[in-house]
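Take a look at the structure below.
Just so it is clear, none of the values below were taken in a lab; they were calculated from the coordinates. Please read these numbers as outputs of a predicted model, since none were measured by experiment. Glycine gets a Cβ as well: all are built from the backbone with ideal geometry, and neighbour counts include every protein chain shown.
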Amino acid sequence: YRYAFNNELKAKYKEAIIDHWKIERPEKEGAWNIFTAMVSDEFDLKEAIWYLQEHPMDMINWDIMNSQRKDIGFIAPNFRNQTLKEVLPPDERPIQRHNGNMFNIDRKGGNGNGEESAGDIWLLPYWMGRYLGVISGSVTGNEKVKK
């Protein structure tokens, strides 16, 4: 990656990216999985593809209430504010930016009166994954692994 001007910086950038990815990993967030692909062969490709496939193209902030669902497992409060055993698919939870908590399961007051960005929530991990060669374009409606 060209932004590391020397090997010492390259090692520090790699360490920082992997360290942050390990913290973000339970969120299965597409961008952090693809960011990690810049510096390591160890990243969650399946989760990155899952994120891209399941993310809605509708970026409108609708009211969403998942807290009453019986099919999700809640966990005790923790420092990460992770509320569930497993993160919900992107199309079943409130739309959020990459730095949001993907374990936020409810949104009140959305009512369709706002939207999230110009689509970079999806476009950034998709095009970065294409640029890095870890995913390819859709052939049959599913991303194909390029390995």
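For segment 80-89, the tally of residues that are crowded, with 17+ Cβ neighbours inside 10 Å and over 20 Å from HIS20 (Cβ atoms) stands at 3. Filtering LYS46, LYS28, LYS22, LYS12 for residues that are of a type outside the set (S, T, N, Q) and either at positive phi or in contact with a Cys (Cβ under 7 Å, 6 or more places away or on another chain) (or both) leaves a single hit, LYS28. Residues in segment 101-124 that are assigned to a helix (DSSP H, G or I) and free of Cβ contacts under 8 Å to residues at least 40 places away in the same chain: ASP120, LEU123.
Which residue pairs have Cβ atoms closer than 9 Å, lie 6 or more positions apart in sequence or on different chains, and pair a first residue in segment 1-15 that is assigned to a helix (DSSP H, G or I) with a second residue that is charged (D, E, K, R) and surrounded by 12 or more Cβ atoms within 10 Å (Cβ to Cβ)? From segment 1-15, no pairs qualify.
The set of residues in segment 40-72 being among the hydrophobic types (A, V, I, L, M, F, W, C), in a loop (DSSP other than H, G, I, E, B) and under 13 Å from the mean Cα position of the chain (by Cα) consists of PHE43 alone. Among the conditions (1) more than 24 Å from THR83 (Cα to Cα); (2) surrounded by 17 or more Cβ atoms within 10 Å (Cβ to Cβ), ASP58 misses just one, which is (2).
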